[in-house]
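Working notes, beginning with the structure itself.
Laboratory data are not the source of any read-out in this text; all were calculated from the coordinates shown. Owing to the predicted nature of the structure, the values given are computational and were not obtained by experimental measurement. Glycine gets a Cβ as well: all are built from the backbone with ideal geometry, and neighbour counts include every protein chain shown.
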Amino acid sequence: MVTKQHLRLTKRLDCWLIEVVGTTSNHGLSLDDIVNLTPKFWDVWIDAAVARNGAATSLFAIQSNLVLGTLGPLVDFRPELKMIVDDLLTYKAIGQFCLTEVGHGLDAAQLETIVTSTREGKFLLNTPNASAAKYMPPTVPVLGKPCYAIVFARLVVDGTDNGIKAFLVQLNDGHTMSPGIICKRLPYRGNAAPLNHSITSFHQVLLPADSLLSDPRAPKIPRIDFLLSIWRVAVGTLSVGIMAIPALQIAAYITYKYSLRRKVSTPSGSSVSIFSFRTQQLPIFYAVAQAFVFKAFSEFATTQFSNKELEFRVRHGIATCFKTVAIRAALTRQESLSERCGVQGLFNYNHTSLCHANTRGAAIAEGDILVLCIRLASELIQGRYSLPGYKHEGLLAKYADGLLTTYQNIWQEQGGRAHPDFANMILPQAQTLVSAIGHSMAYNAAVKAGVDQKLLDLYECAVIREDLAWFVGEKLVSYYSFQEQENRAITAAQSGIDGWINGMNVSEAVNVPIVDDAKWAEFVDGLPEAPHSV
């Protein structure tokens, strides 16, 4: 039965697909840009028009990065893929990426979906149990467009597990699911833009021989083979992280404009804007500073990540540092900025709470931040490799070096081997360590990019505030000297805030009622009015 809710969502999907297509055409994004990670590819993610709609952004991220990024390199020697790739590139078809399962998210390398080979050289795709069903990809038929998915499954040949392989599977034709494929739509995520997240399972689905995208032979090193097959997830770690920049910009812009509009009365009877209060200024100033610093950091991070001469673990480590500091900053600021909008911040139509819900999803997408940090911190502490770009003479470099040295000393004291105390004491601090390195890296990149010193001072204060106890313990600041430092930084930045806010160029992407009187009046006029008695 087609419900009114389904019809409304279908109309929204039409609009979102138009947004996605517009994003691709506006940036002139080609398959070459996607495959080779050109500056054009990275520039898309910093566009406020992309970040403003979480649902459209999710569809775009899946299709452009995960699906086309995986299929694109194969086209040259798999010409039969070209037609599908062309349709995906022009959004005549929809692409999905079916990796994680109900029972296997962080441990996707243990996934249970099975593909067995047939005597005719074809394959049978099966979901062996309920926990092996694919979780989250929005696989519901929509818009009359065929949907193709890259499905990851264990290839079993003559009873032997040949490891996890990627298969191209048509899930539906845009109207109905393909035979043997069951899709159950999940309830919509709380407060986020609605999307057809689903549970998808396979039952004796016959696949042609050319559906296999990976090398059919058993891998010499299964873990490495698996990581290489999903390497676009690592690209997504960075690209999803970059979207924190426009998220910060939009939230800061909305709260700043609202704070100028909103007036309160003084004891003398005059009125002042709530922006005049320091409590209102702090989260706005910090969000603006972080947005500018992260923009400079993104240029460093994307250049390093695109450098194929750099060891992949180092490239992924930089991406992890970026995502950790940028997404965490966006979540913190969005929450505080939403609060500073009072009751207006509770409503999705004003975007601050909506953007926060979308960013929560981004924190998990393409690599859960905590898990990424545990892996990176463990490898850095054990000295398996080091990261570039975070060493300088400032306080934030001392913070990063201080934490890393402390944990490396603990590791050495335990004989340089795994120990229960290491897991119990150090791993809970993994995110703090990675954040410290990421913040130092960001600050250094911003200095080299010529970011205004007033913004750099604000950024430094924001980081110190996060872990003030460490800086006090190391006698780098005192509790009260930091308050003075923060006050000086905010005061010095007063004259620049309007220019910085307007210089972010997000006004065209922000269409919310509370930013000016005219939009608020138009919004109120359009609200349904309760009937009167006759």
#### Entry: Peptides 449-455, 282-288 ordered by average Cβ neighbours within 10 Å, highest first
282-288, 449-455
### Task
For Leu106 paired with Arg488, estimate the spin-label separation in nm (one decimal), with each label point 7 Å from Cα along the Cα-to-Cβ line.
4.2
## Note on the structure
Expressed as a whole-number percentage, the relative contact order of the chain with C-alpha contacts under 8 angstrom and at least six residues apart is 13
### Summary
Relative contact order as a percentage, the range 437-534, C-alpha pairs under 8 Å and 6+ apart, gives 18
#### Entry: Ellipticity estimate at 222 nm from DSSP helix runs (n ≥ 4, -39,500 (n - 2.57)) divided over the chain, nearest 500
-16000 deg cm²/dmol
### Task
Determine by what factor the alpha-carbon radius of gyration of the range 95-226 differs from 2.2 N^0.38 Å, reporting the quotient.
1.05
### Task
Using the Cα centre as the reference, give the magnitude of the dipole from point charges on the C-beta atoms of the chain (Lys, Arg: +1; Asp, Glu: -1; all else neutral), rounded to the nearest 20 debye.
520
### Query
Peptides 340-348, 438-446: what's the order by average Cβ count within 10 Å, highest mean first?
438-446, 340-348
#### Entry: Using a Förster distance of 35 Å, the FRET efficiency for Ile364-Arg384 (Cβ separation, nearest 0.05)
0.85
### Task
State to the nearest 20 debye the size of the charge dipole of the range 95-226 about its Cα centre, where the only charges are +1 on K and R beta carbons and -1 on D and E beta carbons.
240
#### Entry: Size of electric dipole in the range 237-350: Cβ of Lys, Arg +1 and of Asp, Glu -1, about Cα centre, debye, nearest 20
260
### Rounded tilt (10° steps) of 244-261 against the dominant C-alpha axis of the chain
40
## Note on the structure
Placing +1 on each Lys and Arg Cβ and -1 on each Asp and Glu Cβ in the chain, then taking the dipole about the Cα centre, the residue among Phe152, Ala377, Pro138 whose Cα reaches farthest towards the positive end is Pro138
### Query
So who's got an amide H within less than 5 Å of the one on Val156, skipping anything under 5 residues away but keeping other chains? H placed 1.01 Å off N, in plane.
Val115, Thr116, Ser117, Asn162
### Task
Kindly list the residues of the range 256-293 that lie in the label zone of Asp517, defined by a backbone N under 19 Å from the point 7 Å along the Cα-to-C-beta vector.
256-266, 270-276
### Task
Specify whether the C-alpha gyration tensor of the range 428-472 places it in the rounded, prolate or oblate class, a ≥ b ≥ c being the square roots of the eigenvalues: rounded for a/c under 1.5, otherwise prolate if a/b is larger than b/c and oblate if not.
oblate
### Query
Between His419 and Lys308, what is the spin-label point distance in nm, taking each point 7 Å from the Cα along the Cα→C-beta axis?
4.4
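For the cross-link pairs Lys92/Lys134; Lys82/Lys145; Lys40/Lys134; Lys165/Lys308, which exceed 29 Å when the distance is taken from alpha carbon to alpha carbon?
Pairs exceeding 29 Å: Lys40/Lys134.
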### Query
Regarding the range 300-435, what is the average projected area of its C-alpha convex hull, in nm²?
10.2
### Query
Where Rh denotes the Kirkwood radius from the mean inverse Cα pair distance, what is Rg over Rh for the range 396-534?
1.22
### Task
Arrange the peptides 224-233, 420-429, 191-200 so that the one whose residues have, on average, the most other Cβ atoms within 10 Å appears first.
191-200, 224-233, 420-429
### Query
If you take the charge dipole of the range 95-226 about its Cα centre, with +1 on Lys and Arg Cβ and -1 on Asp and Glu Cβ, which of Gly180, Ser198, Leu125 is farthest toward its positive end?
Ser198
